[in-house]
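Engineer: Here it is, the structure, as structure tokens.
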Amino acid sequence: MNTRRLIVTHHAPDLDAIGSVWLLKKFDTQHYGDARIAFVNPGSRILESKVEELEIDLDDVTHVDTGLGEFDHHQPERASDQICASSLVHEHVIRVHPELEEDQALHVLVKFITEIDHFGEIFWPDAGSYRYGFMIHELIRGNEFNDPHDDDSQLYFGMQCLDYAYATLTQQIKANEIINAKGIPFEIPQGKCLALETRNDDTIKCAQKQGYILVIKKDPKLGNIRIKARPDADINLQALADKITSVDTVGDWFSHASGKMLLNGSIKNKSQKASPLSLQAVMNFTKEVFAQK
């Protein structure tokens, strides 16, 4: 018999079905990393004859989001519970790897999948807004509209999306931890600001979401400095740009026409020279410039 396992889910896999497969293959790799995938009609189990044809032992077949087994939630006794196939698989991978209990990004991701599987998006603020059409579960549906007969394509598109969402969530959660641990709050007449040394670029937007009207971030390894003001802040960074460039003759600075961004280094510009200015020096310039406003 083939030693590879087989994961079975339903045709036209939705976010929950995709999430279940993704969790097994990504976080229980010792059992499912190289598992094959098969599709059945919703609620069904794969035929034993098909398993024999694939030369896989029946004990090595796992159904997710179908088949009324361990990783399905469509049984009458489970129907009213706020669970889904992905949340059941999530519990399994935590049993296999207890350290995943501390993975906040994974908890957030599985909670989102569960909410979507129970149609929780109808309760979101401004639920009728078309902006929600850009969310992962809607993109999966869009893939289904474009290519309705290719289950493999839909599954792997969704798994890629989950890889990217997980990476982004991990970065954002780490950003908030860095803000709380390393952020240096300071005040200017226009409001509260934050300065910090970190390589995590997500700290800038996360800090703005926390209400800081201006954020200064210096990369401790590369030396690049990024300064951004909230779009709704009564701030124009041009005077600060003039002050900094009058002192810094080494670093390359880009002042955005909006007056809200002053950048010394970007992944979009590989040739910019880092500024030798310290984080404290830029903080002092900021206080000096805006104290005059």
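Every number here is computed from the coordinates shown, using simple stated rules; none is lab data. None of the values given here were measured: they were computed from a predicted structure. Please note: Cβ atoms are built from the backbone with ideal geometry, for glycine as well, and neighbour counts cover all protein chains shown.
Engineer: Quick check on packing: order 48-60, 107-119 by the mean number of other C-beta atoms within 10 Å, highest mean leading.
Structural biologist: Highest mean packing first, the order is 107-119, 48-60.
Engineer: For the stretch 174-240 and the stretch 242-265, write down the distance between their C-alpha centroids in whole Å.
Structural biologist: That distance is 15 Å.
Engineer: Distance check, please: which entries in K25/K209; K25/K182; K25/K218; K174/K218; K25/K228; K26/K273 exceed 28 angstrom between their Cα atoms?
Structural biologist: Cα-Cα > 28 Å for K25/K209; K25/K182; K25/K218; K25/K228; K26/K273; rest within.
Engineer: Which one of G19, T245, G69 is farthest out on the positive end of the charge dipole of the chain, using unit charges on Cβ (Lys, Arg +1; Asp, Glu -1) and the Cα centre as origin?
Structural biologist: T245
Engineer: With angles folded into 0 to 90 degrees, how steeply does helix 85-96 sit against the dominant principal axis of the chain? Use alpha carbons for both and round to 10.
Structural biologist: Here the helix axis deviates by roughly 80 degrees.
Engineer: I need the phi-derived Karplus couplings for the stretch 135-142: 6.51 cos²θ - 1.76 cosθ + 1.60, θ = phi - 60°, integer Hz, Gly and Pro marked x.
Structural biologist: 7, 4, 5, 6, 5, 5, 5, x
Engineer: Net charge around G43, counting only other residues with Cβ within less than 14 Å of its Cβ (Lys, Arg = +1; Asp, Glu = -1)?
Structural biologist: -2
Engineer: Moving on. What is the Cα centroid distance between the stretch 102-163 and the stretch 30-72, reported in whole angstrom?
Structural biologist: Using only Cα atoms to place each centre, the spacing works out to 23 Å.
Engineer: Through the Karplus equation 6.51 cos²θ - 1.76 cosθ + 1.60, θ set to phi - 60°, convert the phi angles of the stretch 152-169 into ³J(HN,Hα) values in whole Hz; use x for Gly and Pro.
Structural biologist: With coefficients 6.51, -1.76 and 1.60, one gets 4, 4, 5, 4, 6, 4, x, 5, 5, 4, 5, 4, 5, 5, 4, 5, 5, 4 Hz.
Engineer: List the extent of the Cα atoms of the stretch 42-152 along each of their three principal axes, largest first, rounded to whole Å.
Structural biologist: 50, 38, 28
Engineer: A further question follows. What ranking do V289, V21 get, fewest neighbouring Cβ atoms within 10 angstrom at the top?
Structural biologist: V289, V21
Engineer: Angle, helix 15-27 long axis vs. longest principal axis of the chain, Cα atoms, 0 to 90°, nearest 10?
Structural biologist: Roughly 80 degrees, rounded to the nearest 10.
Engineer: How big is the dipole moment of the stretch 153-293 about its Cα centre under a simple scheme where the beta carbon of each Lys and Arg is +1, that of each Asp and Glu is -1, and everything else is neutral? Debye, nearest 20, please.
Structural biologist: 60 debye
Engineer: What is the stretch 178-246 by shape, rounded, prolate or oblate, if you read a ≥ b ≥ c off the alpha carbon gyration tensor as root eigenvalues and call it rounded for a/c under 1.5, prolate for a/b larger than b/c, and oblate otherwise?
Structural biologist: Oblate shape, in that a/c is at least 1.5 and b/c is the bigger or equal ratio.
Engineer: Counting only residues 5 or more places away or on other chains, whose amide H sits under 5 Å from the amide H of I37 once H atoms are built in the peptide plane?
Structural biologist: Correct list: I7.
Engineer: Right, another one. Sorted by mean Cβ packing within 10 Å, highest first, what order do the peptides 206-213, 99-106, 74-81, 276-283 take?
Structural biologist: 206-213, 276-283, 99-106, 74-81
Engineer: For the Cα atoms of the chain, what angle does the longest principal axis make with the long axis of helix 104-117, in degrees from 0 to 90, nearest 10?
Structural biologist: Taking the Cα atoms of the chain, the angle to 104-117 is about 60 degrees.
Engineer: Please figure out what share of the DSSP beta bridges in the chain is antiparallel and state it in percent, rounded to the nearest 5.
Structural biologist: Rounded to the nearest five, the antiparallel share is 55 percent.
Engineer: I would also like to ask the following. About the Cα centre, and with charges only on the beta carbon of Lys, Arg (+1) and Asp, Glu (-1), how big is the dipole of the stretch 162-208? Nearest 20 debye, please.
Structural biologist: 80 debye
Engineer: If I model a spin label as a point 7 Å beyond the Cα along the Cα-Cβ vector, how far apart are those points for V250 and E115 in nm?
Structural biologist: 4.6 nm
Engineer: So how strong a dipole does the chain carry about its Cα centre when Lys and Arg Cβ are +1 and Asp and Glu Cβ are -1, to the nearest 20 debye?
Structural biologist: 2360 debye
Engineer: Tell me, what HN-Hα J-couplings in whole Hz come from the Karplus equation 6.51 cos²θ - 1.76 cosθ + 1.60 at θ = phi - 60° for each residue of the stretch 200-212, using x for Gly and Pro?
Structural biologist: 7, 5, 5, 4, 5, 5, 4, 5, 4, 5, 7, x, 6
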